[in-house]
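Note sheet for the following structure.
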Amino acid sequence: MNMQHTTVRLVNHSDHPVTLSDPESNTRAFVAQLKTVQPGKEFQLIVKATPSFIRSHMRGVITLKTSLADVPTVSVPVFVFHQQARRFSKRTAGSTAQFPLNSPNQSGSVHEVRH
């Protein structure tokens, strides 16, 4: 199963180390995994769109609980716009060349959330 994904960078700018819970999605269209980069300070949230649940576009929220009293939860809004691949023909020197047109791959995008 091919799943598009993006990476969200979560950085703790407080003076206290933070613990984050496992991420929870409000829809089955998105799954998320949390990776620790620097314990208590920096994390990566890898969000994947599950093709079997995606319609033309979907929105959702990934929520994580924190150990910080002033920021008990972090909510990350997520969305995906699904576009079918399309092909067009271009005549070049008597032959036909095929070019697939796909939506851009958002894989590897990095976002920073500051709290």
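Quick look at the numbers
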| quantity | calculated |
| --- | --- |
| Amide H within-cut-off set for I62, under 5 Å, with H built and near neighbours excluded | V76, V78 |
| Two-site label geometry, S52 and Q4: point separation in nm, points 7 Å out along Cα→Cβ | 2.0 |
| Difference of contour (0.36 nm per residue) and Cα-Cα distance, T19 to K35 | 4.6 nm |
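Every number in this text was worked out from the coordinates using simple rules, so none of it is lab data. This structure is a prediction, so every number in the text was calculated from the model and none was measured. Here Cβ is always computed from backbone atoms with ideal geometry, including for glycine, and neighbour counts include all displayed protein chains.
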